[in-house]
Amino acid sequence: MDLKRFLKPRTIAVVGATEKEGFAGGTCKNNMDYSRDLDHVYFINPKRDTVFGKKCYPSLADVPETIDTVVIGTPKKTVIDIMRQAKAKGAAGAVVYASGFSEIGTPEGKADEQELKDTARELDMAVMGPNCAGFINYVDHKYCYSILHPVREREGSVGFVSQSGQICMSLMDSPNMTFSYCISCGNSKTVSAEMYLDFLIDDPDTKVAAMYLEGANEPALLEACFRKAAQKKKPVVILKAGRSERASAIAASHTGSMAGADATFDALFRKYGVIRVDDMQELLSTCLMLAQLRSMPDKRCNFAAICLSGGETAICADEGYKLGLNYGDFEPETVEKLKGLLPFYASPRNNPLDITATPAYQPEVLAETILAVMDDPNIDMALLGFTLMDEIVDDSFYIMFDGIKLALEKTTKPFACLNFIEMSRNAELTAKFAALGVPMLPCTKYAFAALKSLQDYVSYEAKEHTLEVAIPDQKLKGRRALSEYASKSMLKEAGFAIDTGFVAKTREEAMKAAEEAGFPVAVKIESDEILHKSDVGGVKLNLKNADEVGRACDEILENVKQNAAGARINGLLVQKMFEPGKELIVGVKSDPQFGPMVLLGLGGVFAEVFKDTAIYPAPFNKKEAMDMISSLKSYKLLTGYRGEEPCGLDAVADFLVKLGDFAVAEKNRLVEMDINPLFVYPKGKAPVAADALIVLAEEE
């Protein structure tokens, strides 16, 4: 399959060419409006001599040269035959607009799609779709796209692939968005969305690879794309549907994709430095900012916001604080420079900085003010806040442009403009700023969301992360829970320092085992059919002598008899009580697409109450483990809050890394596990697993 020739064709044929509204007609009209090489675009329709005044050929066989890409705008029943005709003319691939395949969920639709896939494989052809809107290659001005949009220049450096044609259309309708490629891939059943993303990451004309993602069809390839982008330091921006169960169901019905667990995707994005956005406006503003910036800020990413009024300055301060933006403090020398440049009523000590409106009418003063800020060693990127409108009624906007241009001639640091109200922007000035490498950011909420993504992106270092996941070699089927003793024994065999306890068959054995372990002890029901022992009255804690142990055994067995009748009982687990400590929950859940995910959170009864957890794909290193720990909302409780002794988090990180390695080694049978609680102690004492549950896949 030659995907590059398909997406960068010299010759294009549109089958079903027409002047009527619709996908085929839209493709013809787009080519007439935009193509710079109509001599190598061929319209095919045996019933027409011309379409939009351009010659129409009766069939693909009549085209006088080899075809690279064919656009099939005819009904579903004609697709297979046209693919064969196209292959006879040397086509590398086809765009298939027709719908009614597996996305409708009928046996007929699924069978038709399988025939399409089999034919594509037989012919070694790339097929975009079915049920797609096609693609535009803005680099070479090739239009295999069906939806009409306002005529304007859109050539840029953002490569975008989407499983939704409407989202492509909406972005193209924006007066600001520019692209290297815009790809609406639909069902993606022969060429996956991941394959297009891979192409964009490799493409030298694409500065930012962006994607609307409903679900991963090829999880291993998606992970490989993220790894490659991280190593190349090419930004990847994802709008991922499926945060809610309802959205996941909609995504599945739209393309037949598996939406996947949203928390898993979040964890995957963190591991590989992928930028996730929440909606289309954030997608647009983040992509354009990354594509247009004249340079990237230093990984420290200290911002300075320069505003023309106190109110806007305060808004910048609040928005930055809310999202955790880094505002650098001005050096004394910078403050002195600013005092000499700004009106006496300005406040040059603060960042964000209110310079008042006066410099907006003095380009040299504005330039020197911007330079004073950008030359400060504590500042990595500067922002100028003002709202650019469509109709210019005040020359200050042109004056500010001149001032910014003067300043940027003397520095290489990045710079952007902030807007405070969303409205149409003056196209001329927006283009002039873009040519300077200065993004015109949208209103405050979206501007600062994009800046936070930039801050996170530049601080990400691929070499600090373990760029791999442990996808199982086969689908894990069934569930087989191990008892606590068996679970702990499995961990002990894997090298964990863990007290497995003693399984007693009688109350007398339990009393003797307690004497040998040393009081106080805990007694629990030991069964691989009772996973939540406390719920059935199967746990007794802090037993101080043999008599208490005997009575506890009797009570546990009676409780289980009443609350879990018929459960298979292995005996009674006797274990020495551990010294109390901070309680965490750690565990593993195997994601069906990306393999084992390690979970960490506040433990004990609080695990369900506060839901303060972090998950991360295994394997990972110690730095990544420490990042997991510090991401918890309860992190302060572990670091010596209000005079308490800090926990030994270094040892917790080591435990997490070891647990991740265990999960990778067992990826082909470990369904899930949890240790709750994991007692964590002050520095110098290793954490202790008080309880454990492992669930394995059914053995073949």
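Quick one: is Arg48 assigned to a loop (DSSP other than H, G, I, E, B), within 30 Å of Leu197 (Cβ to Cβ) and either open to solvent by 30 Å² or more (accessible area, probe 1.4 Å) or of a type in the set (A, V, I, L, M) (or both)? So Arg48 fails the test.
Residues that are of a type outside the set (S, T, N, Q) and open to solvent by 40 Å² or more (accessible area, probe 1.4 Å) within region 514-538 comprise Glu515, Glu516, Ala517, Phe519, Pro520, Asp528, Glu529, Leu531, His532, Asp535, listed in sequence order. Picking from residues in region 164-196 that are within 15 Å of Val95 (Cβ to Cβ) and open to solvent by 10 Å² or more (accessible area, probe 1.4 Å), the one that is nearest to the chain's Cα centre (by Cα) is Met195.
Whether a residue is in contact (Cβ under 8 Å) with a residue 60 or more places away in the chain, hydrophobic (A, V, I, L, M, F, W, C), assigned to a loop (DSSP other than H, G, I, E, B) and more than 30 Å from His532 (Cα to Cα) was assessed, and Leu454 does not pass this test.
Within region 412-429, residues that are open to solvent by 10 Å² or more (accessible area, probe 1.4 Å) sit with their Cβ atoms under 7 Å from residues that are part of a helix (DSSP H, G or I), at 6+ positions apart or across chains, in these pairs: Lys413/Met374; Phe420/Glu312; Phe420/Ile315; Phe420/Thr444. Here Met381 clears all of (1) in contact with a Pro (Cβ under 6 Å, 6 or more places away or on another chain); (2) aliphatic (A, V, I, L, M); (3) open to solvent by less than 10 Å² (accessible area, probe 1.4 Å); (4) free of Cβ contacts under 8 Å to residues at least 40 places away in the same chain except the condition numbered (4).
For Asp390, are the conditions met, namely being closer than 22 Å to Gly310 by Cβ, in contact with a Ser or Thr (Cβ under 8 Å, 6 or more places away or on another chain) and touching a residue at least 12 places away in the same chain (Cβ under 8 Å)?
Considered against the rule, which asks whether it is closer than 22 Å to Gly310 by Cβ, in contact with a Ser or Thr (Cβ under 8 Å, 6 or more places away or on another chain) and touching a residue at least 12 places away in the same chain (Cβ under 8 Å), Asp390 comes out as no.
Selection within region 134-163: residues that are of a type in the set (Gly, Ala, Ser) and touching a Phe, Trp or Tyr at 6+ places or on another chain (Cβ under 6 Å). The member of this set that is surrounded by the most Cβ atoms within 10 Å (Cβ to Cβ) is Gly159. Looking across region 594-636 at every residue that is β-branched (Val, Ile, Thr) and at pLDDT below 85, the one that is nearest to Tyr460 (Cα to Cα) is identified as Val609. Would you check if Tyr641 is hydroxyl-bearing (Ser, Thr, Tyr), without any contact (Cβ under 8 Å) to a residue 60 or more places away in the chain and surrounded by fewer than 22 Cβ atoms within 10 Å (Cβ to Cβ)? Answer is yes for this residue.
Restricting attention to region 557-594, the residues that are out of contact with any helix residue (DSSP H, G or I) (no Cβ under 9 Å at 6 or more places or on another chain), more than 30 Å from Asp612 (Cα to Cα) and buried (at least 17 other Cβ atoms within 10 Å of the Cβ) add up to 0.
Within region 345-366, residues that are closer than 22 Å to Gly328 by Cα and outside any loop (DSSP other than H, G, I, E, B) have Cβ atoms under 6 Å from residues that are open to solvent by 30 Å² or more (accessible area, probe 1.4 Å) and modelled with pLDDT under 90 in these pairs: Asp354/Ser347, counting only partners at least 6 apart in sequence or on another chain.
Yes or no, residue by residue, for (1) among the small types (Gly, Ala, Ser); (2) within 19 Å of Ala486 (Cα to Cα); (3) in a helix (DSSP H, G or I); (4) free of Cβ contacts under 8 Å to residues at least 40 places away in the same chain:
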position: Lys524; (1), (2), (3), (4): no, yes, no, no
position: Asp535; (1), (2), (3), (4): no, no, yes, yes
position: Gly550; (1), (2), (3), (4): yes, no, yes, no
position: Cys553; (1), (2), (3), (4): no, no, yes, no
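For first residues located in region 459-485 and on the phi < 0 side of the Ramachandran plot and open to solvent by 50 Å² or more (accessible area, probe 1.4 Å), partners that are assigned to a loop (DSSP other than H, G, I, E, B) and of a type in the set (S, T, N, Q) and lie 6+ apart or on another chain with Cβ distances below 8 Å form the pairs Glu464/Asn621; Asp473/Asn668; Gln474/Asn668; Tyr485/Thr500; Tyr485/Asn570.
Looking at region 201-232 only, could you name the residues that are in contact (Cβ under 8 Å) with a residue 40 or more places away in the chain, touching a helix residue (DSSP H, G or I) at 6+ places or on another chain (Cβ under 8 Å), open to solvent by 40 Å² or more (accessible area, probe 1.4 Å) and not in a loop (DSSP other than H, G, I, E, B)? Once the filter is applied, which keeps residues that are in contact (Cβ under 8 Å) with a residue 40 or more places away in the chain, touching a helix residue (DSSP H, G or I) at 6+ places or on another chain (Cβ under 8 Å), open to solvent by 40 Å² or more (accessible area, probe 1.4 Å) and not in a loop (DSSP other than H, G, I, E, B), region 201-232 yields Arg227, Gln231.
Residue by residue, here is whether (1) at negative phi; (2) surrounded by fewer than 21 Cβ atoms within 10 Å (Cβ to Cβ) holds:
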residue	(1), (2)
Tyr34	yes, yes
Phe52	no, yes
Thr66	yes, yes
Thr69	yes, no
Glu113	yes, no
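The values are calculated or read from the model by the stated rules, or taken from the named source; none is laboratory data. All of these numbers come straight from a predicted model, not from anything done at the bench. With ideal geometry, Cβ positions are generated from the backbone for all residues, glycine too; neighbour counts draw on all protein chains shown. All accessible areas refer to the heavy atoms of the entire protein, side chains included, with ligands and DNA or RNA removed. Shrake-Rupley method; radii C 1.70, N 1.55, O 1.52, S 1.80 Å.
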